[in-house]
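Working notes, structure below.
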Amino acid sequence: MSSPHGRFAWYELMTTDVEAAKAFYGKVVGWGTREAPNSRYTLFTAGQDSASGLINLPPDAKQRGARPQWVGYISVDDVDDAVTRLKELGGTVYIPPTDAGDISRFSVVADPQMATFVLVQWRDPGRQLPIDPRAMGHVGWHELFATDWERAFAFYREIFGWQKVVADVGPAGTYQQFSAAGQAVGGMFNKPAAAPVAFWLYYFNVADVGAAAERVRAERGTILEGPTDIPGGGRVIRCADPQGAMFALIGKQRDKDEAVGYFERDASLGSSPRA
């Protein structure tokens, strides 16, 4: 089995209203929920699969100005080594390497441009929950709104070994796709000036983006952009839930190696989650 180093492994919503989030995403994405054994951790489920997690926004995060947000976990072979290298490269450590029972060791961090993510090392790789980027309700694409995407890419390449795939160059700038373990999994570009900080955005797969947009509105979420057609087919919308956490939805299943497109990149983009 190849090393999971550098692969997105999990997604978690930190929110100020867990019960409201359960109801909202259940209606919009179609997720069910179940409580993790012997903990206060809620799992969002897509069918029988665990798709993501849900927790209350920690008090210490609130104190440093954090708002409700989705956070991605990225696998590393050694969390302590990765944190050391991250600090050398100018990253920030919010929670130092910490053991989560016998399941994992993790650290909450930010890149030098302050986009937040979590480093995770599984104690037993066989216990890692399966993530299927092609399945309904799972994350199908990852997008970094960076202050300087070229510097950001150099940072992530150093930490995770990510590689450049194809780049689209248009009036709004360059959109650089990247791969992890040989598979195109996301893209990065320079955020609009209206977005106060860099951040990661995660796209959840849905069957019909137009219908999903109506559900977002009906459940008092906000459509920030779209529906927008993307190169290669399919549509996306960029949204915020009622507590303010940003997320995206993408429609249409794709061929295995077909990359996802991107949102229209202009000053109409709204504010981002804050680390």
For this session: Take GLY30 and decide whether it is over 16 Å from PRO242 (Cα atoms) and assigned to a loop (DSSP other than H, G, I, E, B).
Result: yes
Being open to solvent by 60 Å² or more (accessible area, probe 1.4 Å) and in contact with a Leu (Cβ under 7 Å, 6 or more places away or on another chain): is that true of GLU158 here? yes
Before we move on, is GLY32 surrounded by fewer than 21 Cβ atoms within 10 Å (Cβ to Cβ), in contact (Cβ under 8 Å) with a residue 40 or more places away in the chain and not aliphatic (A, V, I, L, M)? no
| said: Looking at the structure I just gave you, is ARG85 basic (Lys, Arg) and at pLDDT below 95? | reply: no
If you go through ALA23, ALA66, ALA61, ALA46, the only one that is closer than 24 Å to ASP124 by Cα and either in contact with a Gly (Cβ under 6 Å, 6 or more places away or on another chain) or small (Gly, Ala, Ser) (or both) is ALA46
(Q) Kindly evaluate ARG134 against the criterion of being more than 17 Å from the chain's Cα centre (by Cα) and open to solvent by 20 Å² or more (accessible area, probe 1.4 Å). (A) no
Here the residues within region 61-88 that are out of contact with any strand residue (DSSP E or B) (no Cβ under 8 Å at 6 or more places or on another chain) and surrounded by fewer than 18 Cβ atoms within 10 Å (Cβ to Cβ) are LYS62, GLN63, GLY65, ASP81, THR84, ARG85, GLU88
The residue from PRO192, PRO242 that alone is surrounded by 15 or more Cβ atoms within 10 Å (Cβ to Cβ) and closer than 21 Å to THR15 by Cβ is PRO242
The residue from THR228, THR222, THR174 that alone is over 17 Å from the mean Cα position of the chain (by Cα), more than 30 Å from LYS27 (Cα to Cα) and among the hydroxyl-bearing types (Ser, Thr, Tyr) is THR174
| message | Among the residues of region 10-20, are any open to solvent by less than 60 Å² (accessible area, probe 1.4 Å), part of a loop (DSSP other than H, G, I, E, B) and either under 30 Å from ARG220 (Cα atoms) or modelled with pLDDT under 95 (or both)? | response | no
Before we move on, is ALA152 more than 17 Å from TRP10 (Cβ to Cβ), without any contact (Cβ under 8 Å) to a residue 60 or more places away in the chain, surrounded by fewer than 20 Cβ atoms within 10 Å (Cβ to Cβ) and among the aliphatic types (A, V, I, L, M)?
-> no
Taking region 89-128 and keeping residues surrounded by 15 or more Cβ atoms within 10 Å (Cβ to Cβ) and of a type in the set (D, E, K, R) leaves ARG105, ASP111
Open item on the list: Looking for something farther than 25 Å from VAL206 by Cβ and either acidic (Asp, Glu) or open to solvent by 40 Å² or more (accessible area, probe 1.4 Å) (or both) - is there at least one such residue anywhere in region 40-57?
Closed with: yes
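The values are calculated or read from the model by the stated rules, or taken from the named source; none is laboratory data. Bear in mind the structure is a predicted one, so any value in this text is a computation, not a measurement. So basically every Cβ, Gly included, is an ideal-geometry build from the backbone, and we count neighbours across all protein chains shown. Note: accessible area is taken over every heavy atom of the protein model, side chains too, but ligands, DNA and RNA are not part of it. Shrake-Rupley method; radii C 1.70, N 1.55, O 1.52, S 1.80 Å.
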